[in-house]
Amino acid sequence: MDSIQDVFNQIALTLTKHFDSVYYVDIETDHYKEIVSLPHFEKLGIPKEGEDFFADTMMNAIRCVHPGDLEFVRQIYDRNLMLERLSKDGTYTVVYRLIIDGKIVHMRHIELLSDDKKHVICCLENIEEEFQKREELERNFQSAERMARLDELTGVKNKNAFKEYTAMIDEKLNSDSKFQFGVVMCDMNDLKLINDTRGHSFGDEAIQTTSRMICNIFMHSPVFRIGGDEFVAVISGRDFERRERLFDKLRKESVANGRARSGPVVACGIAVYEEGKDTGFSSVFERADRLMYENKDELKAAHIKEGFREMERLEVPITEERKRLLDALFGALYTVAGEGYIYLNDMRHDFSRWSFSMVADFGMSSEYLYHADNFWQECVHPDDMKIYREAVDAALSGNAELRPISYRARKADGTYVILSTRGFVLTDSNGEPEYFGGIIVQK
C-alpha cells in the first residue's frame, strides 16, 4: 500500500498543472498539508502544514482576503458547512477575491471529498486573466446593446429604443390606467436648406444643437431621435408636472433663435395621456405630431412675415440682373392674368413693378418703386385696412394659392373703388420667400 507521502505526490503531480494552491485535509483530525504552494502565501508566513485547517484558515484569511469577501470566505471554510456541502455533492466551487501584492486577484476555490470520505482537497486557481476577459466581453456586449439603442450623431436614444419604450408604456397602462405621461414632438426647421446651402456637416451640427436644446429643457425625461430632424421627449414625473412651463420655454427659445438667427428653430407639439380618451401611447403621439405640424405652419408664416419686416430695412439697390429677372416674371404673370392690375415685388430688395394702368389710375410716381407697400396702404380705405392686412397675412402664411378679397382703395382723383385682389408668395428652391405679388381687378 502506498505511503501517505506517495499519495501526496500523486495528488500534487495531478493538480500542480491546474492549480496555484492545494491543501490536503484529514477531516477526522483536521490535520492539513499544503502540496501545491502559492508563493504569496509564503511571503505572508501562512504555514504549509498544521493541526487545525479550519481554525488556521479563518485566522489567515484576514491577511490576504479582500475585506468585502471576508465574511463570505469564513462561511466557505466553516468546517460544518463545508462537510454538509460535500456530503451532498462531493464537490463545491466558488469565486472570491484575494489581495496579492496590493492588487485584487480573483481566485476560484474548489473543494473535493475523497472516495474514503475521510479527506478533503481544497484547491485555489488564479482566474484573474479569465475574469478580465469575461469582464471585457461583458462590457463589449453591454456597449453593443447600448449603442444599438443610441443615436450615433446626438447620443440620445434612437428609434429602436423609442419602440421599446413605447411598448413599455403601453404595458404600464394595462396595469395602471392612472399613469400620467405626455409626449412632446419636435421637428427642426430648415434642415434641407442648411444641408443644401451650408453642407451636411453643418446640418449635423445643427441637429446636435437641436438635440442639446431639447435635452436641456426636458432634463428629467428620455429624448429620442426618431428621424433625420425629428425628436420626441416622453415626459413624466417632475417634467410632467412642469410641462406647460417647459413647453413654453421650448417655443420661446425657438422663436428667439429664429429672430436672431442664432440657433435652431424647432416646431413642437405637446399632448397628454387622457384616460378614457386615449387607447395607448400611439394616440397621444399622433395628437402631439398633429399639433407639431400646426406649429410648423405658424413658424413658417412668421418666417415669411419676418422677411417682409426685413424688406422695410433694406437699402441695397436692386442689381440689373435681379431687375431683369423681375421683369421676366412680371411679363409671365401679366400673360397669365389677362386683365386687371398687376404688381410683383422682389422681397430681397423690396423693389416692385406695377402695371401701367395701376400707376396711372392711382397716381404712382413710377411703375418701379422701392417700399411700395407704404404707398399702397395710404390708398386703402381706413375701414377696410383690417381686411387688407388679414389678406396679406394669409398670403404670408405660406399658402401659394391665390385668395380673393375685396376692399376699397382711393384713386388719384380721390374717389374710392372696390378692388378684388389675390395675393401670393413665390419662394426660391430652398423654400425662402423671394417674391410677393398680386392680381387686382376693379369691380
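A few notes on this one:
- Residue tally, condition open to solvent by less than 60 Å² (accessible area, probe 1.4 Å) and over 14 Å from residue 218 (Cβ atoms), over the range 256-268: 7
- Pick from the range 1-28, criterion of a type in the set (Phe, Trp, Tyr) and within 28 Å of residue 102 (Cβ to Cβ), ranking: modelled with the lowest pLDDT: 19
- Test: residue in the range 383-395 that is at pLDDT below 85, part of a helix (DSSP H, G or I) and under 22 Å from residue 323 (Cβ atoms): no
- Cβ-Cβ under 7 Å pairs, at least 6 apart or on other chains, the range 278-294 side farther than 22 Å from residue 189 by Cα, far side among the polar types (S, T, N, Q): 281/166
- Filter result for residue 163 (within 12 Å of the chain's Cα centre (by Cα) and either open to solvent by 60 Å² or more (accessible area, probe 1.4 Å) or polar (S, T, N, Q) (or both)): no
- Of all the residues in the range 71-110, those that are touching a residue at least 24 places away in the same chain (Cβ under 8 Å) and at positive phi number 1.
- Candidate set: the range 197-250, residues that are under 17 Å from residue 263 (Cβ atoms) and basic (Lys, Arg); chosen: the one surrounded by the most Cβ atoms within 10 Å (Cβ to Cβ): 212
- Matching residues in the range 238-291 - criterion: being of a type in the set (Phe, Trp, Tyr), touching a helix residue (DSSP H, G or I) at 6+ places or on another chain (Cβ under 6 Å) and in a helix (DSSP H, G or I): 281
- Scanning the range 27-53 for residues that are hydroxyl-bearing (Ser, Thr, Tyr) and without any contact (Cβ under 8 Å) to a residue 24 or more places away in the chain returns 29, 37.
- Beta carbons closer than 6 Å, at least 6 apart along the sequence or on distinct chains, pair a first residue in the range 149-175 that is closer than 17 Å to residue 285 by Cα and at pLDDT 90 or above with a second that is part of a helix (DSSP H, G or I) and not small (Gly, Ala, Ser) for 166/281; 169/281; 170/281.
- Residues of the range 336-360 that are open to solvent by 40 Å² or more (accessible area, probe 1.4 Å), free of Cβ contacts under 8 Å to residues at least 60 places away in the same chain and of a type outside the set (A, V, I, L, M, F, W, C): 338, 353, 357.
- Residue 420 being touching a Pro at 6+ places or on another chain (Cβ under 8 Å), over 19 Å from residue 329 (Cβ atoms) and at pLDDT 80 or above: yes
- Once the range 57-93 is narrowed to residues that are of a type in the set (D, E, K, R) and farther than 19 Å from residue 110 by Cβ, the residue that is farthest from the chain's Cα centre (by Cα) is 63.
- Screening the candidates 398, 414 for the property of being at pLDDT 85 or above, in a loop (DSSP other than H, G, I, E, B) and farther than 20 Å from residue 332 by Cα yields one hit, 414.
- Residues of the range 292-325 classified as among the charged types (D, E, K, R) and either at pLDDT below 55 or touching a helix residue (DSSP H, G or I) at 6+ places or on another chain (Cβ under 9 Å) (or both), total: 7
The values are calculated or read from the model by the stated rules, or taken from the named source; none is laboratory data. Only a predicted model underlies this, so the values are computations on that prediction, with no experimental measurement involved. Every residue, glycine among them, receives a Cβ derived from its backbone with ideal geometry; neighbour counts consider all protein chains shown. Each accessible area value is taken on the protein alone, full model and side chains, heavy atoms only, with ligands, DNA and RNA left out. Shrake-Rupley method; radii C 1.70, N 1.55, O 1.52, S 1.80 Å.
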